[in-house]
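See structure below.
The values are calculated or read from the model by the stated rules, or taken from the named source; none is laboratory data. Source: prediction; values computed, not measured. Cβ sites come from the backbone with ideal geometry, for glycine too, and all protein chains shown count toward neighbours. Accessible surface areas use protein heavy atoms only, side chains included; no ligands, DNA or RNA. Shrake-Rupley method; radii C 1.70, N 1.55, O 1.52, S 1.80 Å.
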Amino acid sequence: MAELPGSVLFCCDQNSVRSPMAEGLMKKFYGHSAYVQSAGVKSDMEIDGFAVSVCRELGVELERHRVRSFDEMEQWGDDLSGFDLVVALSPASQRRALDLTRYFHLDVEYWPILDPTGLGEGREDKLRSYRQARDQIRDRMISRFGPPIQEQT
């Protein structure tokens with residue numbers, strides 16, 4: 001377990017499932033103790049409804065999440081070099097984050113989190129896969145940053 005960084009960027013492929021879940025959980029667990037954002041390698045999808053549902057179970061609201069890519073963040077004026085830690089949740093996002101280290105001094109960690117999209121036949125099977133991914137993120141986060149400091153519901 002390490003000290004909580006001042007700013008964290010979570011990233012995955014589309015910024016529609018894993019990284020928004022991580023962003024929401026981090027904000028829920030650690031409040032304003034760290035500045036938290038998320039991004040995707042691409043941003044051609046909307047927030048995933050199953051991700052919204054399984055995060056709502058823990059009191060994390062994702063409905064208003066606006067999907068964004070690394071490129072869009074830079075275009076909007078976000079300084080990617082300003083993040084203390086970049087957490088990649090997929091192999092493609094890890095490659096993109098490591099590419100950024102050629103230009104900026106960034107600490108990059110890779111957390112191999114299950115991609116639940118496309119898994120399961122019916123609604124309950126799909127929800128089970130999304131819960132598994134959410135719980136992997138939650139467990140890894142608590143292991144890395146310590147127990148939540150915000151009251152949980």
Task: Considering residues of segment 128-153 that are under 16 Å from GLU57 (Cβ atoms) and of a type in the set (D, E, K, R) only, the residue most open to solvent (accessible area, probe 1.4 Å) - done: ARG128
Open item on the list: Can you pull out every residue in segment 24-46 that is without any contact (Cβ under 8 Å) to a residue 60 or more places away in the chain and either crowded, with 24+ Cβ neighbours inside 10 Å or touching a Lys or Arg at 6+ places or on another chain (Cβ under 8 Å) (or both)?
Closed with: GLY24, VAL36, SER38, ALA39, GLY40, VAL41, SER43
- [ ] Collect the residues in segment 33-91 that are part of a loop (DSSP other than H, G, I, E, B) and of a type in the set (S, T, N, Q), keeping them in residue-number order.
- [x] SER43, SER90
TODO: Please name all residue pairs, on different chains or six or more residues apart, with Cβ atoms under 6 Å, provided the first residue is in segment 1-21 and is more than 16 Å from VAL86 (Cβ to Cβ) and the second residue is open to solvent by less than 10 Å² (accessible area, probe 1.4 Å) and in a strand (DSSP E or B).
DONE: GLN14/GLY40
Task: Residue identified as more than 26 Å from PRO148 (Cβ to Cβ) and either at pLDDT 90 or above or surrounded by 15 or more Cβ atoms within 10 Å (Cβ to Cβ) (or both) among GLU61, GLU72 - done: GLU72
Open item on the list: I'd like the full set of residues that are open to solvent by 60 Å² or more (accessible area, probe 1.4 Å) and either under 15 Å from MET26 (Cα atoms) or out of contact with any helix residue (DSSP H, G or I) (no Cβ under 8 Å at 6 or more places or on another chain) (or both), limited to segment 91-111.
Closed with: PRO91, ARG95, LEU98, ASP99, ARG102, ASP107
Task: The one condition in (1) surrounded by fewer than 17 Cβ atoms within 10 Å (Cβ to Cβ); (2) touching a residue at least 60 places away in the same chain (Cβ under 8 Å); (3) in a helix (DSSP H, G or I) that ASP125 fails to fulfil - done: (2)
Task: Condition met for PHE145 (over 18 Å from GLY24 (Cα atoms) and in contact with a helix residue (DSSP H, G or I) (Cβ under 8 Å, 6 or more places away or on another chain)) - done: no
Task: Residue list for segment 79-89, filter: touching a residue at least 12 places away in the same chain (Cβ under 8 Å) and either over 17 Å from MET26 (Cβ atoms) or open to solvent by 70 Å² or more (accessible area, probe 1.4 Å) (or both) - done: LEU80, SER81, ASP84
